[in-house]
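S.K.: Handing you a structure now.
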Amino acid sequence: MRLGSTVSVALSGLVGTVINVEAHIASGLPAFAISGLPDAACAQSPNRVRAAAIVAGHPIRNDRITVNLSPSSIPKRGSSFDLPIACAILAAQGVISSRRTARVAHLGELGLDGTIRPVLGVLPSVLAAARDGIGHVVVPRANAGEALLVDGVRVHSFDTLHSLIETYARLDPEDFPDVDPAGVEPVATREHGDLADVVGQDTARMALEIAAAGGHHLLLVGPPGAGKTMLAERLVTLLPRLSREEALGVMSVRSVLGEVSSDAALDVTPPFEAPHHSASMAAIIGGGGGASIRPGAVSRADRGVLFLDEAPEFKKDVLQSLRQPLESGQVVVARARESVTFPARFQLVLAANPCPCGMGFGKGLDCRCQPRELRTYLARLGGPLMDRVDLQIQVAPVSLAHLNGEPGESSADVAVRVDQARAQQQQRWADLGVGLNSWVPGRVLRRGRFALPRNQLVDLHKALDRGWLTLRGFDRCLRLSWTLCDLRGGTVPTREDIGVALGLRGQGQVAA
């Protein structure tokens with residue numbers, strides 16, 4: 001009886017679990033079995049491992065081979081287990097030392113020619129290995145860049161199984177050559193234009209600043225060509241750069257989707273996602289058929305902006321599925337065998353024309369829509385979704401006076417005020433463990449030391465009593481008023497702040 005072992009990582013969403021890969025070789029009829037809930041790709045590893053081992057010069061013996069992936073109750077997906085299975089079997093055969101492989105995490109697919117090929121989800125896998133105290137990981141050369149972003153673990157990469165076997169024969173993992181980080185940029189940023197490019201639109205520009213300062217959701221309603229898309233894209237330029245932890249979380253989502261290049265750099269610019277209105281539920285929320293559950297646009301936009309242009313054209317069920325992520329900051333994709341949780345703390349920006357033809361603004365003399373179409377078009381967004389959108393702004397067409405006027409403030413100038421307002425919020429809500437006004441529970445704003453005097457809440461009470469606001473809308477107006485207060489440098493919202501918050505919420509603008 002011969003035993004060999006090493007470790008790898010199994011992913012469920014973005015959560016990695018360290019897996020013990022054990023190989024047992026015994027005499028008997030030739031067989032190669034893998035236990036531990038492998039999916040179809042993992043169960044096909046024996047064919048790839050045998051071919052790669054032959055090319056590497058160390059063929060797998062025709063004995064009874066059993067590979068166990070422990071814990072057996074966790075599903076194992078993908079071809080990333082090829083390399084650890086090969087190493088565990090070769091350790092059992094005595095080709096390499098089992099002592100050397102025991103605490104080294106291996107990730108990689110094996111080609112039939114013995115090459116080690118890239119796999120998905122290396123970044124969250126290496127993060128999980130580092131949290132478990134594993135000090136060495138072996139990854140494909142194309143995945144080395146993202147693996148190097150993780151602190152506390154040494155990264156080694158090899159092009160072929162043969163070169164890995166030769167290195168194990170000569171060296172302990174402590175003496176393995178490390179990947180040279182010289183070609184990996186530590187930080188990268190992306191450009192999204194400048195707010196100064198926007199002509200006119202003073203109210204919409206103010207709404208962008210408020211949204212960026214407090215993390216509020218935004219609806220822009222206006223005719224084609226008014227600048228709604230340009231405004232939405234500029235929101236990213238007002239948001240603070242991501243922290244290292246936040247950037248790693250955003251990049252982990254892209255790693256699972258296979259969107260991280262070989263020369264990976266830690267992108268600190270908040271993500272901006274703009275899916276087409278024909279996108280399916282799985283594309284927006286996440287999901288997929290069979291055992292493959294993938295994150296959707298809401299997770300790709302985590303810590304950034306999700307922009308839905310032509311929002312009324314999206315399917316109704318897709319729009320309404322956004323309600324739960326907007327409240328909780330995460331999305332749970334439930335299947336019969338398991339539930340996978342993905343992050344979804346994004347800012348939602350919706351853009352819509354005033355009517356199907358787009359000309360129903362002002363007096364609407366050029367509008368060709370029927371009255372019924374006018375009533376139902378914006379109503380497609382649905383009342384429950386719109387109740388979660390704090391800022392609902394009308395965007396007017398640009399006039400000649402605006403075109404010839406002075407340019408507005410740049411993104412850099414506005415971002416300074418946004419940073420100051422956010423710093424004030426972080427200091428105020430530090431005891432609650434939240435950083436933005438939009439994340440504060442409503443009960444905190446209605447009771448206790450942050451509750452406003454009743455004489456300042458007269459307008460809100462009137463709107464709630466007359467049915468213009470729901471209790472959720474009441475709380476969201478309070479959060480918006482705190483953001484307005486922070487932007488003007490105040491300490492407590494005034495009745496004027498609450499009145500402005502009610503106006504920016506656009507009561508009566510959207511039929512819902």
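S.K.: If you average 1/r over every pair of different alpha-carbon atoms in the chain and take one over that average, what Kirkwood value in Å do you get?
M.R.: Values: mean 1/r = 0.0391 Å⁻¹.
That comes to 25.6 Å for the chain.
S.K.: For the stretch 437-462 and the stretch 473-506, what is the separation of their Cα centres, given in Å?
M.R.: Taking the Cα centre of each part, the stretch 437-462 and the stretch 473-506 sit 10 Å apart.
S.K.: Same structure, new question: What are the ³J(HN,Hα) couplings of the stretch 472-482, residue after residue, when phi is run through the Karplus curve with 6.51, -1.76, 1.60 and θ = phi - 60°? Round to Hz, x for glycine and proline.
M.R.: 5, x, 4, 5, 5, 5, 4, 4, 5, 5, 5
S.K.: Quick one: which residues, 5 or more positions from R2 or on another chain, have an amide H under 5 Å from its amide H? H modelled 1.01 Å from N in the peptide plane, none for Pro or chain starts.
M.R.: The answer is I25.
S.K.: Name the residues whose placed amide hydrogens come within less than 5 Å of the amide hydrogen of L110, ignoring near sequence neighbours (fewer than 5 apart) on the same chain.
M.R.: Placed amide hydrogens put D82, L83, R117 under 5 Å from L110.
S.K.: May I ask you to sort K363, K315, K228, K462 by Cβ crowding, counting other Cβ atoms within 10 Å and putting the fewest first? Mind dumping the intermediate values first?
M.R.: Numbers: K363 7, K315 15, K228 26, K462 12.
If I rank by nearby Cβ atoms, fewest first, I get K363, K462, K315, K228.
S.K.: Which number comes out as Rg/Rh for the stretch 408-458 once both Rg and the Kirkwood Rh are worked out on C-alpha atoms? Before the final figure, lay out each step's value.
M.R.: On the way: Rg = 14.1 Å, Rh = 12.7 Å.
Expressed as Rg/Rh, it is 1.11.
S.K.: Here is a follow-up. Give the order of S73, S299 when sorted by the count of other beta carbons within 10 angstrom, beginning with the fewest. Mind dumping the intermediate values first?
M.R.: Numbers: S73 7, S299 33.
So the residues, fewest neighbours to most, are S73, S299.
S.K.: Something else: Is the C-alpha gyration tensor of the stretch 227-295 telling us rounded, prolate or oblate? Criteria: a/c under 1.5 is rounded; beyond that, a/b larger than b/c is prolate, otherwise oblate. Before the final figure, lay out the partial values.
M.R.: Details: a/c = 2.41, a/b = 1.15, b/c = 2.09.
Oblate is the answer for the stretch 227-295, as a/c is 1.5 or above yet b/c matches or exceeds a/b.
S.K.: So which trypsin sites (Lys or Arg not before Pro) in the stretch 1-95 pass both tests, a DSSP loop state and at most 16 other Cβ atoms within 10 Å of the Cβ? It would help to have the intermediate numbers written out before the result.
M.R.: Working: sites: R2, R48, R50, R61, R64, K76, R77; in loops: R61, R77.
Sparse-neighbourhood loop trypsin sites (Lys or Arg not before Pro): R61.
S.K.: Would you please put 101-113, 325-337, 382-394 in order of how densely packed they are, using the mean number of other Cβ atoms within 10 angstrom per residue and starting with the highest? Could the numbers behind the result be given before it?
M.R.: Working: 101-113: 21.2, 325-337: 14.8, 382-394: 19.2.
Packing order, densest peptide first, comes out as 101-113, 382-394, 325-337.
S.K.: Rounded if a/c is under 1.5, else prolate if a/b is larger than b/c, else oblate: which is the stretch 134-183, with a ≥ b ≥ c the root eigenvalues of its Cα gyration tensor?
M.R.: Numbers: a/c = 2.13, a/b = 1.40, b/c = 1.52.
Oblate shape, in that a/c is at least 1.5 and b/c is the bigger or equal ratio.
S.K.: Here's a follow-up. Tell me whether the stretch 363-429 comes out rounded, prolate or oblate; compute the Cα gyration tensor, take square roots of the eigenvalues as a ≥ b ≥ c, and use a/c under 1.5 as the rounded threshold.
M.R.: Details: a/c = 5.91, a/b = 1.39, b/c = 4.25.
Verdict is oblate for the stretch 363-429.
S.K.: Charges only on Cβ, +1 for Lys and Arg, -1 for Asp and Glu: so what's the dipole of the stretch 2-183 about the Cα centre, in debye to the nearest 20?
M.R.: Details: 15 positive and 16 negative charges, 109 e Å.
Roughly 520 debye for the stretch 2-183.
S.K.: A further question follows. Among the aspartates and glutamates, select those whose C-alpha is under 20 Å from the C-alpha of K76, and discard any that sit fewer than 8 residues away in the same chain.
M.R.: Counting by Cα, and skipping residues close in sequence, K76 has these aspartates and glutamates nearby: E22, D39, E109, D132, E338.
S.K.: Output the Kirkwood hydrodynamic radius of the stretch 17-159, Cα pairs only, in Å rounded to one decimal.
M.R.: Working: mean 1/r = 0.0660 Å⁻¹.
Hydrodynamic radius (Kirkwood, Cα only) of the stretch 17-159 equals 15.2 Å.
S.K.: What lysines sit close enough to K363 to cross-link, taking a C-alpha to C-alpha distance under 23 Å and skipping anything fewer than 8 places away on the same chain?
M.R.: Candidates past the 8-residue exclusion: K228.
Computed from the coordinates by the stated procedures, all read-outs in this text should not be read as laboratory data. Since this is a predicted model, take the numbers as computed values, not measurements. Neighbour counts are summed over all protein chains in view; Cβ atoms, including those assigned to glycine, are modelled from backbone coordinates with ideal geometry.
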